[in-house]
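Below is one structure, written out as structure tokens, with a few remarks after it.
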Amino acid sequence: MIMFPMDIMSIEDDDDRAFMEQLYLEYASLMMSCAMKILKHPEDASDAVEQAVVHLINHLQTIRKIQCSKLRPYVVSTIKNVSINIAIKRGRESRYSFLAPEDVLHSVPDEEMMIDDVIIGKLRKEALMAALKKLPSNEQEIIRMKYLAVLKDQEIARTLQLSPSSVRVYLTRARRHLYNIMRGTEYEG
């Protein structure tokens, strides 16, 4: 019996769960291979695959709209981004690994400012995600493809069957609407 990640098994909708199970079966070894190339440690690579699966589940409706030929690049892009984030985090943690845990707290300059930056960053991300939900679905989709899936304009154009110049126009318009929502000037479109 194949063991699927718990996140997949917890999907309530049977069709969505079946879709994610199939996606996982098809791409699990590829994701692990990509993660290993970046992270070099099986435990970290396994963590990256789990985080990538969560990301894919969170973007399930967008993924279902992607043509089969574009799904592999989307999955690869997702696992690479997750793996790079883990590598960056691991690099930050190892900078102070030669110090005893209590020394780390005293050796980091302006630790309170760093905590404030993390909190502010989290609040900005939450505000951005809330604003993104206020956009029309077509603008949400193009923003997600560009910035969350990290697809190039040509890839988005092929997926949405648009020209690359149209993608740039739609992205500009969506970013402007998102900016206005973030500023408090609600979108009226």
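Each reported figure results from applying straightforward, stated rules to the coordinates on display, with no laboratory input. Small disclaimer: the values here were computed from a predicted structure and weren't measured. Ideal geometry is used to build each Cβ from the backbone, glycine not excepted, and the neighbour counts take in all protein chains shown.
Direction-averaged projected area, Cα convex hull, the stretch 128-189: 3.8 nm², rounded to one decimal.
Counting other C-beta atoms within 10 Å, and keeping those with at most 14, which DSSP coil trypsin sites (Lys or Arg not before Pro) do you find in the stretch 1-77?
Passing sites in the stretch 1-77 are LYS40.
I want to verify the translational diffusion coefficient of the stretch 1-79 in µm²/s; compute it with Stokes-Einstein, Rh as the Kirkwood radius over Cα pairs, at 37 °C and 0.692 mPa s. Result for D is 257 µm²/s.
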